[in-house]
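Some notes on the structure that comes next.
Coordinate-derived values only; no laboratory data. Worth saying up front: this structure is predicted, and the values here are computed from it rather than measured. Here the Cβ positions follow ideal geometry from the backbone for every residue, glycine too, while neighbour counts run over all protein chains shown.
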Amino acid sequence: MNHRLVELASSVSSSVEKRLFAEYGAVFATTATPPPTIIFENSIQVDAFQSTLTLKAGVFGDYEIQLQEEALNALWAAAAASARIGFNITARAADSGGRSYDDTVRLWLRNVNRGLEHWESEARIAAERAKSIRDLSPIEQVGVILDLEENEKLFFGTFFDRSILYSVAAPGASQHLSMLAFDVTEYDNAEVTAVLGKHGWHRTVPNDLPHFTYLGHPEAVLPELGLRYLEQPYGDRVYGFWTPDLKSIGVRG
């Protein structure tokens, strides 16, 4: 069992932390440097953590991305192996690799503001209540938005029919902040997925198909580390994701 995964699991103290750990906690099983906390509270904490990392930049397709050195080296090796069988591994966008706290806040607020505008127009949220949510800090908004979704079925995903976490990570919880995540253009190519897996890159966030996380382990040992394999259908395909096995690692509630 991965000691860091178990340690973080034992520190879960709220329903919000449990939800975020379930969504993004696989990153704590990495052979590289994991984040020190389930959720960073601000940019100061993120900057302090990122300043301790050995980072490396590389170009994948049209974009240069930055990752932890171990992760980038593994990604380069995967790209080379994929090229030998006739496929590319490229970045979907300029922010496909490491991100700053402000990057994650920008994406979060985009969905929060769009959602509030939508539910106000549907007369499901009063203007005064919407303003009170906008006035909260991003870290304070996380619990409020997730509570609205769970208890009032007011969803903040892109099409307002699913959770906001289907569209963006909670600010401070994104695996991109740990410089260990990469969004792959060729995500629907099964051969590319297999090559990435052989080099320690695995899908770890359900509902985010292009998103791969550097765990550094072969797939065969992931269950021993406290992760479980989850399959979900999308269109005519079934995709697999490695997520924390909450029961086996002792998350309560």
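One table, with the values for the structure above:
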quantity: Between segment 86-104 and segment 182-210, the alpha-carbon center distance in angstrom; calculated: 13
quantity: Under the Debye formula (equal points on every Cα, no solvent term), log10 I(q)/I(0) of segment 90-214 at q = 0.09, 0.16, 0.19 Å⁻¹; calculated: -0.29, -0.80, -1.00
quantity: Segment 1-141 - convex hull of alpha carbons, volume per residue in Å³; calculated: 157
quantity: Between helix 138-152 and the chain: long-axis angle, C-alpha atoms, 0 to 90°, nearest 10; calculated: 70
quantity: Spacing of the two label points (7 Å from each Cα toward its C-beta) at R228 and A127, in nm; calculated: 4.7
quantity: Segment 101-166 pair-distance distribution - Cα-Cα, 10 Å bins, rounded %; calculated: 22, 62, 16, 0
quantity: Rg over Rh [alpha-carbon atoms, Kirkwood Rh] for the chain; calculated: 0.97
quantity: Selection of chymotrypsin sites (Phe, Trp or Tyr not before Pro), segment 125-186, meeting DSSP coil and at most 16 other Cβ within 10 Å; calculated: F159, F160
quantity: Among T54, T213, T243, residue whose mean-square fluctuation peaks in a GNM of the chain (springs only between Cα atoms under 10 Å); calculated: T54
quantity: Charge dipole magnitude, Cβ of K and R +1, D and E -1 - segment 101-166, Cα centre, debye nearest 20; calculated: 140
quantity: Amide H within-cut-off set for A173, under 5 Å, with H built and near neighbours excluded; calculated: F40
quantity: Protection-proxy order for peptides 145-151, 222-228, each taking the mean of Cβ atoms within 10 Å per residue, highest first; calculated: 222-228, 145-151
quantity: GNM flexibility winner over the chain from G216, G61, G98 (Cα, springs under 10 Å); calculated: G61
